[in-house]
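This report refers to the structure that appears directly beneath it.
The values are calculated or read from the model by the stated rules, or taken from the named source; none is laboratory data. None of the values given here were measured: they were computed from a predicted structure. All Cβ positions, glycine included, derive from the backbone under ideal geometry; neighbour counts span all protein chains shown.
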Amino acid sequence: MRIGRVIERAPEQRRFAGSMSDVAAWLAGPARKISEALELVDELCWRLVGAEMPIVRMTFHLPTLHPQYYSNRLPMDAHHRPD
């Protein structure tokens, strides 16, 4: 497995408090300005956890038209702790 980039946040940066309505408003507004898919998925997952959705692991697959690659995979593991 090839890992291109890992986003690691300090615990205080992972705390989001809000509701699912807040997550939806974020997706419709500020999230649209995030250009990197990995950053978008990371932020979305932590916001969903903050809205009390019990996410432990998440993958995001984005199909491509490239003849050698079928899709991109962006995993998120809530139990991962920085060393």
- Query: Looking at (1) more than 18 Å from Phe60 (Cβ to Cβ); (2) surrounded by 10 or more Cβ atoms within 10 Å (Cβ to Cβ); (3) free of Cβ contacts under 8 Å to residues at least 24 places away in the same chain, which is the only condition Glu43 fails?
  - Reply: (1)
- Message: So, in region 24-83, exactly how many residues are in a helix (DSSP H, G or I) and at pLDDT 85 or above?
- Response: 21
- Can you tell me how many residues in region 13-23 are in a helix (DSSP H, G or I) and surrounded by 12 or more Cβ atoms within 10 Å (Cβ to Cβ)? 3
